Structures are given as structure tokens and as C-alpha cells.
2 protein chains.
Amino acid sequence: MRWSRYFLYTLKEEPAEAEAPSHRLLLKAGFIKQVSAGIYEILPAGWRVLRKIENVVRKEMDRSGAQELLLTVLNPAELWKETGRWETYGNELFRLKDRNGREYCLGPTHEEEITDLVRRTIHSYRQLPVILYQIQVKFRDEKRPRFGLIRGREFIMKDAYSFDTDEMSAMVSYETMKFAYDRIFRKLRLNVIMAEASVGQIGGKQSHEFIAFTDYGEAKVGYCENCGYAANAEIIPLSKPEPGEEEEEPLEKVHTPNVRTIEELANFLKVSPAKIMKAVLYIVDGKPVLVLIRGDREIDENKLEIVLGTENFRLAEDEEVKKLLGTEKGFIGIFNLPEGIRVLWDNSLYGVKNMVVALNEPDYHYVNANSGRDYEYGEFVDVAQVREGDPCPKCGNPLKVRTGLELGHIFLLGTRYSEPMKAYFADRDGSEKPIIMGCYGIGISRIMSAIVEQYHDDKGIKWPTPVAPFELEIICLNMSDQELVRVAEKLYIEAEEKGIEVIYDDREESAGFKFADADLVGFPYRIVVGKKVKEGKVEIQKRATGERWDVPIEEAVNKVKVMIEEDKK
Amino acid sequence: MRWSRYFLYTLKEEPAEAEAPSHRLLLKAGFIKQVSAGIYEILPAGWRVLRKIENVVRKEMDRSGAQELLLTVLNPAELWKETGRWETYGNELFRLKDRNGREYCLGPTHEEEITDLVRRTIHSYRQLPVILYQIQVKFRDEKRPRFGLIRGREFIMKDAYSFDTDEMSAMVSYETMKFAYDRIFRKLRLNVIMAEASVGQIGGKQSHEFIAFTDYGEAKVGYCENCGYAANAEIIPLSKPEPGEEEEEPLEKVHTPNVRTIEELANFLKVSPAKIMKAVLYIVDGKPVLVLIRGDREIDENKLEIVLGTENFRLAEDEEVKKLLGTEKGFIGIFNLPEGIRVLWDNSLYGVKNMVVALNEPDYHYVNANSGRDYEYGEFVDVAQVREGDPCPKCGNPLKVRTGLELGHIFLLGTRYSEPMKAYFADRDGSEKPIIMGCYGIGISRIMSAIVEQYHDDKGIKWPTPVAPFELEIICLNMSDQELVRVAEKLYIEAEEKGIEVIYDDREESAGFKFADADLVGFPYRIVVGKKVKEGKVEIQKRATGERWDVPIEEAVNKVKVMIEEDKK
């Protein structure tokens, strides 16, 4: 491809709206363009990357025995009503009516449609097991689309669904997909961790996420370098610590005027935040719930949601605090609590001696409060955010915690969809049973962002060779020097003939401009055709490492080809 | 692939809803399944065909220099309002709102979006010409979805768009696409004719359709075997014929009680329908327009629309005829016409002597009416349907007329979109000019239907090898005969290793069942492993021709491979 004819235009300006490096770089390097919030066009160079990602995914899915098909974007409302998700999916579902008033949604995921297809097609155990998948555009009307392709409203996804006669067979399908996912992310050169995960809105019995470590990620993973345990932080259990051994000091009421935050209070009283009892008032389905947690920890609202059994909760407003507790935020505590307020004790508080506790009276705290003597424990729950150093629930060693991007998510669904939708089969003995299902998603367009998050520097992207839009760029530093042009053209043709995916920067631009673009767009290898041509040499540059080699003109393409082949192994 | 594990289930019953052979066969052979009116799932075997079609199209587009990208399904309403098509596209546009009330449509075609992309990216003549394309799911809320994938509401399309500095360069792009289309349809083994076409709703200056001849088609093509002219019948001009030489007979008023249709009248009066003046009353934008045409011809409402300059017209109701003309259908004529009714004379009437003409009086006709003597000619127009034998507008030879399916449609758009959307570029001399555009569509999923329309018989589909879901089927006629199974397995492995796309019918079914399925699904070659294995032989069958050859077991795969290679050339 000649760059002078290629629809690849880098931006001069920094895209102001982009927070995440991948968002900024994909915009700036001309790979994507925004049409509307969370809706992006994939421009030709970006499309080349996406197709390579797609093909890696397709190949490994096929290899695992999964069969590709294509479901529909328009999903009839009736199917979603059968599982109740027409209502529960909420505002994320794009809904519309056709000219006759029939309701549809734009499929955000396809459990309903595939279960419908399977119940119309599969009737006997002899037709099972089967895994079906598709690579398709999906739609979710995100409340806060952001980070470019990371949280978009229209995106490309690979979704697979397994159908089995029993739990054991379903586990085999599930494991098969795990292995396929592992191969996929390795081939894409992504640093990904498989973590246990919550089943969330999809439902089911068991679930794992594949999370790429990135600075801009919405997932948090805890993992143990000792035993290999890894899980989404929101499901890592934190149990009660060993009780402290301290002597109990006498209770004191202290004047703490205008000291509201944990940090201010710790400084004011010269105690560790771990000695302060933090109390947070929530309104849950309209009723007050007081959550207590140790001052050095934060509440994980995903954990809280599971404890509460509803997503309908929020922090209390200042006025609600005033009305319900007669105090202000910063002075909420367990003393002088009115009747009828549910109190949840996070495990972190267990056994802590000589605590600082508010008493629902502005500007005062108790110090050296102790359970049994000054207050009674209530209902203990696990609602604390996991943090680095917390004990691994498997082996007790300290956990590592990192943020990342969820790229894949697999679910052992069981009969979550087959029961309500009556996808039954006749088993060997003639009995009717619900099909056991699994579902397996990979965010194809999101992967493009994740790769950029993991492969970039200040100057631009550093595409791993297997997913690079072109493997090699040939740069002619001076298009008015006939000799340079002649050599560059020759190398370009040679590279094409040798099956290298090559782009030739033949634009009438300065050397500096071309180098800056090359760094930004990030093709893995470059051959620079410049002054050294007089000595019969060109320079090979490797974007990933910054290495450079002067090589004889006639050896350049072969040398690059060897390195490319090596990279793709 | 082992059929026993493959998600390919043929139907026992005839799909009652299917009219067109391709619709019936694609359903029955298990290639597609309906989700909702005009919305189909593409099942694994169908998806293999579609991917092959896609790849042929992609390869030829790439070869022509077009660059692939991916636009978005969700199109912001604002873009469509810029060109006025938000209104004019009517009910075919699926419209929806997001959670914030912003309006979108599901792209039925992408002139607006691509023009927006290009105006944000291209500013100089040096960036032109360029052709961009995508293969994407499209949406049209058809009034009457039918014939399966032929007229669907969700379908896959390849749409390309060219951008040039001037008309001459745009014509080169247009011709480039014509050649690419020609190669595509040849590689897909489709019998397609390129015909001049109307620009319709897309607009522009020039247009061609690529029409596959089929019995169930919504397009009618007239073509000339003498000079090569071909056009959609709706745009083939029919001029005034040479006037007849007959003597004028005396005018007579004849009692024709209850004789209403042209056929009844011709029989009753023993004259040719070509001697009868047919008169049809339309209501156009609320006003009456009387269209006169020779009794042996039909009105082409597409032509009429162009003459009238509006699509807002319809046949008059019986009561309107009564009220406006004081008569009934069957007795409408040019005599005794009230004032203020516009009359259009189709060219076919010119010079016809001694006509039968109604006089807006029930149960009577004039015979031997002649222009000049009994009535005056008015405004002549061309609104007659073209039929076999009409003169070619280029060379005058008789035209052939056939029905078909429009598979491709290309348009020289000119500035239809670049002007209203202000997609300008700076030309060499610094002046601002609108970009000259073209657009080029191919119905990818519709092609699958067209192939079946052209390649089938009573028993099923006969896939051409380049688009067959599998190239070879190995049939083991008796799965309980260990010897047969051993040979079939061996041939299956051998075929796989030789790179043949092979499906092995290893199902526990009868020979008759397997043959019927093989005919229905239509893989191009079969190796039948049956009793002749005792003599060291198997049978090769070719679906397209019904030919059969007994060959030694060890030669079978190679022989088939040679034929497959030959077919794919």
C-alpha cells in the first residue's frame, strides 16, 4: 500500500476528549473516528487490526469445535419477555418499534435468540453437545460511554453458547472455552489474567473473566502469586480478622469540632484510621441501612449489592441523615441510634479494641470504645473493597491487586435460559430435560484498545506483529531524490512479493513528519531509505525496542521477513 | 466435519410460507431460519456460503483499489436531516431514540455517514480519488418483506463510495467498479446482466443495475441481442409507432352491455385489443389525471411516476369515477370529458386508426373513432410497460424481456450528497469544490438466494463449487458395516489432509435418507461408500450434472480434487 493513496490521516491536535491512552492514540493515529457518544467508525488501518483480531478468535473457536453462525441484530421483544430481561435489562437495551408497531431490541447479547433457535432445532440427546458462536455487532445504551472502544454503545463481540445434556458435559464445554480463550489472548500478545467473577445480569452458576492489566480499566483483580488464585476483587471474600490483644482503655467523650473525614479525625486524635469506626448511611429500597466499616477501608458497592439483594440503593442525602439520625455526615455512629435502622457490620471491625466511634451528636466522638463493654456487635457481613496485601482466600498469602479491562467473560449458565424458554431435550431414557447452557463472550473491538493500552509509549502505538495493520513500513526520507525513490520502490515491490504486509510512505513530507507518524501509527518494523543509500545501506528499525541496524539494501527485506516470522510464531 | 456433530438439520416438512424456490430450499436444507418477518438467522452451513461470497466480493474490491472500513449501524438523525432523507426515506427507515432522547436510524445505506467522514478528513485534491467500502448489516423496514433473503428487513450488504475531484475522474471510478462487479458475479458463477437503471431514491446522474435472471424477481430487464443494450424495463423508452395506413371507417356508436374489460370488449366486437383505447383514471396529488393507452399494453407506474413528478398517485375509486366522469370503470373514454381533467396519451396510441373508444356512458362504445376527425390528440407521454419484441431504443431490433433479481446497483451521484453536506475540497488552483461521488452496492445475503434460484432442481440445491458450504460429501451407506466405516473414515481423513472442504455423513440413518439430504443440501461432489467397496471401489457423484463414476478407493479423493480445482478456476 502506498501511503499517499491510503485513507490514513493522523491528527495534528491532541484529541481533547480522550482520557485513556488507547482512546487518544487510536483517534490521533487515524484508526477510529467518533460518530456519536460511544459510537465509532473503524477506519481502514483500524479495520485491518480488527480483522486480524477476528481471525485469531475465529481460528481458535473453530479449532475448539465451535460452529460459526450469524444471529440477528433485531431481536423480537417476545423472546426477551420470556426470560424477564425485557424489563430487567433496563435502559441499556436499545428498544424500537417497526412500521407495524411490533417491538424489538438491538441485541446486546444473544442468550434469548440462540436458546430460541436451539429449542426449535434440538430435541434429542444425540444432537448434543454443541457449541455455536458468532462475531457480530452488538448494542448497549451505556449510561457513560467512554474510553473510545473500551465502553462503547455499538461494538463488535464474539459470543459463543454451549449446549449440553448434563452438568458434567457442560463443564467440559466450559473448560474447552477456557483453553480456547487462553490461546486467543496469547496469540494476540495480551497480558491477561483469568479471574473468578460474578455472574451479574447474565446469571448462571459459575463465571470467569479474562482481564488485561491496564491503568485505565474498570475491573479490579486480586491475585495470589503463591497459589495462583485470581478473582475479580468484587467477589474476593474478606473474613473477620484475629481479634486484637490490646488492653481496653476507659471510654472518653472528646470534643471534635468540625472534624468530619476519617483523615481529619485520625490527625486530630493522632490515631490510626484502622482504629476509627466509619459509618455510612444508605437508603435501600426506601429504608435506611447503616453500614459500619473500619476507617482504613472502603465499601465495595458490588459486594454490598449482593448482601442487600437489590441494586436499588444509594447514599443518604444530608437531609435524610439529619432527619433519621439527628446528626450530620462525619458524626454518624452506633450510639444513640433510633429504632428500626438496620445495621451491617463489615468483617473488618471484628475484634478491634479501643475504637473511635461517633455518637450521632455533631462535634463529638467517643474514644476507646469497646465491644461488649460499650456496644454490642450486630450482623457481620463482607462489604469491604479488597486491597493489595489482603489475605488470599485460598492460601492466606498477601494478594496483589491491579486494575484491568475485562476482555472475555464466560458463564456456566445451567438452566437460567433453557428452563424459562423451555429448551428441553429427550434424554437416553426418554425423559424430558432442560439443556444445560454456557455462554462465552469476547469484546473484539475492545481488544484493539487493550492492545494499545499494553503496547504504547509517549510517541505512539507499538503494535505486536500478529495484529499490526501493516508489518513493515518503508520510509523514503526524500521524495525528490531520485536515487532514494528508486531504492524505496524496489524494496516496496520486493516486500510485497515476499508476502510481507507493507506500507510505503511515499508522501511528499519531511523526514521529521514521517518519523513522527511512523512512531504514532506504530508499524512493528521500518526500513528507512536515506543518505546511507550512497554506501549501499538502509536502516531497519524495530518499533517495539527502538533497535536499529544498518544493513545492505539487498539484505534488508529478508532480514525483516525473518524477524516478522519469528514474531508471529 | 462430521455431519453427526454438525448443526445442519434439514426439514421434513415443506416450508409452507415460502413462494420462491430459493426461500423454500434455504429453509428446508437448514441454511437459514426465520426470527421475524424479513429477519433471518444464518445457520452454520449458510454462514459458510455467505463467508465465501463475502470473500469473493472483498477480494475483487481490494483488487480494484477500494479500501475497507466499517461504518456504524446507528446513524445520528442530524446527518440524515442534512440531506433531507430523514423525512423522504419514509417508513422504510427504522428510527429509535437513545436513553437521552437523541434520535438515530439504523443505516439502510450510508451516503450520509461516509460523506460526513470524508468532509471531516479530506480537504485537498491530493487526497483524491479514493474508494471506500464496507461489508455490513443493513436495515430497511420493508412494507412487504418476502422471498427469504431476497427482500429482508435485516441483511448484509457491501457498499462502496467513490470520491473524485471531477466528473471525468468519477467516471473512471465508476468504470472501475463496473469491472469489479463483473468479475465478482463471474466468480460467483451467477448469470447476471448489467442494465441501465433509474437513480430512484438514492439520486444522482447515472446508474446501472446488475440483475440475475430468475423466475422470482422484482426487476424486469429488456435487452437486445443485436447491439448489447440492456436496461431496467422501467426506463426503456417507447416512442410513437409509425402511423397505420388503413382507410378511416365511419364512426359508429355500439351497445356493449356489461362489457368491461379489454378482453371482453375485443371478443364482443371481434377486434384486436390493439384497436381499443384503454383509459385509466388516476388521482394525482388529489387531482384527476386520465391516462390513455392502447388496449394491448399496460401502464408502467414507474414510468408514470417520472412523468407525474410525484409518487403520490393512485388509481381512482369507483365512486370517484362516478362522481368525476359520470360513468363506471370499463366505460371511461375521451368523449364527453368534463373540463379540468388532465389527459395523458401514451405513445402507443399514436396513429392508430379506427379505434374502439368509450364515451363515459355506461354500456356504449364508439367504434372506428379516428384522430383529427372524431377527437384531437393531446399531450403524448411514454408510460407503457416494455414487453418482449418492443424495439431496442439503440438499434431498433426486437428486445428480449426477462425478470430477475437486482444484486448490484451502482450510481454516479455527482454532488447529490457532497453539496448539501458541504463536502468540499481545495482544488489545485485553491478553489473550493464539492467532491464528486459515486456509490456502489451489492446485496451479499441476497446473492445467496440468487445462486440458489439459478442452481437448483426438484430435489434441492446444486451449489457451484466456489460458494458451496462444503466441496465434498462422503456418504457411508451403512454405519453398522465396519468395513464401509473404515473406508469412509480413511477417505474423510485423506480429503481433509488434501485441503478439500469435506463433510462426512456418519449419521445413523438409512441410505435413502442420506441421498435425499445430499440432493437437498447440494454439495457439489459426493463419494458414496457402499457395497462396491468389496470390489475395491467407491462411487463419485457430481450434483450439478448427475454424472457418476465408479473409481478405485485409493484414486477417489484425487479425482475429486482435480474436478474441484477445475471448477474453482
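The values are calculated or read from the model by the stated rules, or taken from the named source; none is laboratory data. All of these numbers come straight from a predicted model, not from anything done at the bench. Virtual Cβ from ideal backbone geometry, glycine too; neighbours counted across all protein chains shown.
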Inset, instruction - Output the residues belonging to the stretch A:129-154 that are among the hydrophobic types (A, V, I, L, M, F, W, C) and more than 10 Å from chain B (Cβ to nearest Cβ). - result: A:135, A:147, A:149, A:150
Inset, instruction - Exactly one condition in (1) under 29 Å from residue B:303 (Cβ atoms); (2) away from chain A (no Cβ under 14 Å) is not met by residue B:166; state its number. - result: (1)
Legend entry - Count - residues of the stretch A:157-214 that are more than 12 Å from residue A:437 (Cβ to Cβ), assigned to a helix (DSSP H, G or I) and of a type in the set (Asp, Glu): 2
Inset, instruction - Take the stretch B:215-258 and flag every residue that is of a type outside the set (Lys, Arg) and part of a strand (DSSP E or B). - result: B:219, B:221, B:222, B:223, B:230, B:231, B:232, B:252, B:254, B:255
Legend entry - Wholly within the stretch A:1-98, strands (runs of 3 or more DSSP E) carrying at least 1 residues that are surrounded by 22 or more Cβ atoms within 10 Å (Cβ to Cβ) and more than 8 Å from chain B (Cβ to nearest Cβ): A:32-36
Inset, instruction - Might you let me know whether the stretch A:126-137 holds any residue that is farther than 26 Å from residue B:144 by Cα and assigned to a helix (DSSP H, G or I)? - result: yes
Inset, instruction - Please enumerate the residues belonging to the stretch B:454-506 that are under 22 Å from residue B:11 (Cβ atoms), touching a Cys at 6+ places or on another chain (Cβ under 9 Å) and surrounded by fewer than 22 Cβ atoms within 10 Å (Cβ to Cβ). - result: B:506
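Yes or no, residue by residue, for (1) within 28 Å of the chain's Cα centre (by Cα); (2) outside any loop (DSSP other than H, G, I, E, B):
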residue: B:344; (1), (2): no, yes
residue: B:351; (1), (2): no, no
residue: B:366; (1), (2): no, yes
residue: B:377; (1), (2): no, no
residue: B:380; (1), (2): no, yes
residue: B:386; (1), (2): yes, no
residue: B:389; (1), (2): yes, no
residue: B:395; (1), (2): yes, no
residue: B:404; (1), (2): yes, yes
Inset, instruction - Give the stretch B:99-122 a look and list any residue that's more than 15 Å from residue B:203 (Cα to Cα) and assigned to a helix (DSSP H, G or I), or say none. - result: B:113, B:114, B:116, B:117, B:118, B:119, B:120, B:121
Inset, instruction - Just one of (1) under 18 Å from the mean Cα position of the chain (by Cα); (2) surrounded by 22 or more Cβ atoms within 10 Å (Cβ to Cβ) trips up residue B:194, so point out which. - result: (2)
Inset, instruction - Kindly establish whether residue B:113 is surrounded by fewer than 20 Cβ atoms within 10 Å (Cβ to Cβ) and farther than 30 Å from residue A:126 by Cβ. - result: no
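Residues checked against (1) touching a strand residue (DSSP E or B) at 6+ places or on another chain (Cβ under 7 Å); (2) among the polar types (S, T, N, Q):
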site: B:150; (1), (2): yes, no
site: B:168; (1), (2): no, no
site: B:180; (1), (2): no, no
site: B:226; (1), (2): no, yes
site: B:232; (1), (2): yes, yes
site: B:235; (1), (2): yes, no
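Can you tell me which residues in the stretch A:533-548 are surrounded by 15 or more Cβ atoms within 10 Å (Cβ to Cβ) and farther than 28 Å from residue A:30 by Cβ?
If we filter the stretch A:533-548 for residues that are surrounded by 15 or more Cβ atoms within 10 Å (Cβ to Cβ), which is where we start, we get A:533, A:537-544.
Across the stretch A:533-548, the qualifying residues are A:533, A:537.
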Inset, instruction - Could you list, in sequence order, all residues of the stretch B:282-323 that are in a strand (DSSP E or B) and out of contact with any Asp or Glu (no Cβ under 8 Å at 6 or more places or on another chain)? - result: B:282, B:284, B:287, B:289, B:290, B:314, B:315
Legend entry - Close pairs from the stretch B:333-350: first not assigned by TED's automatic domain parsing to the domain that holds residue B:375, partner at pLDDT 90 or above and aromatic (Phe, Trp, Tyr), Cβ under 6 Å, at least 6 apart: none
Legend entry - Where residue B:121 falls short, out of the listed (1) in contact with an Asp or Glu (Cβ under 9 Å, 6 or more places away or on another chain); (2) within 8 Å of chain A (Cβ to nearest Cβ); (3) surrounded by fewer than 20 Cβ atoms within 10 Å (Cβ to Cβ): (1)
Legend entry - Every residue from the stretch B:176-191 that is surrounded by 20 or more Cβ atoms within 10 Å (Cβ to Cβ) and either of a type in the set (A, V, I, L, M) or at positive phi (or both): B:177, B:180, B:184, B:188, B:190
